[in-house]
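Written out below as structure tokens is the structure these notes cover.
The values are calculated or read from the model by the stated rules, or taken from the named source; none is laboratory data. Keep in mind the model is a prediction, meaning the values are calculated, not measured. Every residue, glycine as well, gets a Cβ built from its backbone with ideal geometry; the counts of neighbours run over all protein chains shown. Surface areas here come from the heavy atoms of the whole protein model, side chains and all, with no ligands, DNA or RNA. Shrake-Rupley method; radii C 1.70, N 1.55, O 1.52, S 1.80 Å.
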Amino acid sequence: MKKVFLLMMLIAATLIPTACEKTPNEIADDFKLGLNVNFLEYTAQIEIKDLEDGSYPNNITLVPAEDYGTSILNSAGQKNFNLSEGSITLILNPADRPQSPNEIKSFDFIASAPGYQTTKLKINFEENNKTVQMPVYLLHKNRETPGISTINDNAELSGSQLKENKSINFGKKPSKQTDGFINLKEGTNFLNGNGELLSGSHINMEVIDMDANSVKLSKIFPGGFTNQSVLKNGFKEEKSFLPMSYTSINMYIGSQEVKDFSESITVNIEIDKNLYNPNTGHQVKIGDQLSLYSYELEKDTWAFEKEVTISGSGDELFVNFDTDHLTDYSIVAELPVCSDIFEINNPTEANIQAKIELEITGSTATRTYKIIEQNLVPGINKIPYNGIGDNISLKLYASGEVLTVNDISCGESPAIMLPQPDSELVTITINIPCEDVELNVASYPIKYRKQGETEWINGVIKDLKLKSYEMEAGNTYEFQIQFDGETYTYEEYISSKNYQFDVDSELCNEINF
């Protein structure tokens, strides 16, 4: 690990000519035989997990949604995005860093793995958020999961037409609250994305339906619930969503994906009667007007389909609609965007890992609509947020404490002071004993955990120091760094609260500065 860490920092320095358009000799002259890797100022650690158990899916791929040139690269300064143990560290080219406090540099990536639903993620760099640590969750398409229904079915074709009427039922079971069905008519033709007729012996059908009140939905809902840039009536608009349903419908004939039908299909989706409707201030009921939206992964946009009305039968509420194309569908309470910032003051000397849950609180229901996981740097952290409705509650989990702020109005900017941790600050200093060499690290993500524990803690190496209130001297810790598609793990006994991590001196001659 000691050797790997130093080599990692030195190899990463090869990015400097790309960013600064200088030769290695000019770089060396500039830094007086020292390698200052302050181009690591903006880094992102992406960790892709199974939604249900937090494990790392096999054979994950991560690809840019478009060609960003050399603006965003892996930690070795290359344009390949191979993951190791579900993780990858990305860096922003310094030539593309934000030029003002309000500027955001955004990059979209598509994450996929065999057997999982594909998802799109957005990485945002800004002056106040230079070290991004982003968990991304993938939903397994064939696993029984509480609150989620996954159905795989098939039907016979006669050439290019459906041989007989077909109904697909999905949903309600002991671990899921809502259900629904899809009806297809005999004689329906199926087309691909280019409008070409598809034919075969069978059509395979896949439906994923999720209870809207599941916290899991806030982790995988495309684009999140808030601040959606949607397509409505031919124009782009900014909206906030509070989903009342989420259903993904996919069909395949052989390897070809079905996108359109010659005959509309009917979709029936149950609406949980306990859900809160922020447009009325009460629980949903028969006659409530909601909006139906469809999502296209390629465009990363929710598109308005139509207004829908909640109907009822017995003790159930539901929405019916017809559609002639396949995608993800959500029935939502549509709201104007309200946004502002939380100013969270970290009064300590170290980054503190925090999780922020934002809830909408109705007359009878509380629902998590946003989860933010972020390292809070010393001093003021400005966290952008979007609200849904006028009753917002914030729960901040940090250093084993829970801080709650209730009754936040839409657009309010509360100032929040983190409590001083009860534990002592542990500082690990990485010493590079090479003569005439100064190696500074602006920031680089690292994970660590106490030996024997299962959960990793996200940390940041800054100026060759790792500071933490989560560690305790007198224990052995595992440290994990991801670099260039490989993960390196090292164990170290931390004997004191000011621990010196010494790099082997023989490396200085080996590297030949």
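Points worth noting:
- Between the C-alpha center of the stretch 352-418 and that of the stretch 315-335 there is a gap of 29 Å.
- Rg(Cα) / (2.2 N^0.38 Å) computed for the stretch 213-357, rounded to two decimals: 1.24
- The angle between the Cα long axis of helix 2-12 and the main principal axis of the chain comes to about 70°, on a 0 to 90 degree scale.
- Structure-based [θ]222 nm, the chain - -39500 (n - 2.57) summed over DSSP H runs of at least 4, per residue, nearest 500: -2000 deg cm²/dmol
- Cross-link pairs K122/K216; K299/K382; K259/K299; K216/K447 - those with Cα-Cα distance over 21 Å: K299/K382; K216/K447
- Per residue accessible area of the chain, 1.4 Å probe, in Å²: 44
- DSSP beta bridge pairing in the chain, given as percent antiparallel to the nearest 5: 90
- Take each peptide in 307-314, 351-358, count the other Cβ atoms within 10 Å of every residue, and average; sorted highest first, the result is 351-358, 307-314.
- For the stretch 41-100, the carbon plus sulfur part of the accessible surface works out to 38%, probe radius 1.4 Å.
- Rounded percent of accessible protein surface that carbon and sulfur make up, the stretch 234-368, 1.4 Å probe: 44
- Global size of the stretch 289-332: 12.0, 40 Å for Rg and Dmax (C-alpha atoms, Rg to one decimal, Dmax whole).
- Rg over Rh [alpha-carbon atoms, Kirkwood Rh] for the chain: 1.01
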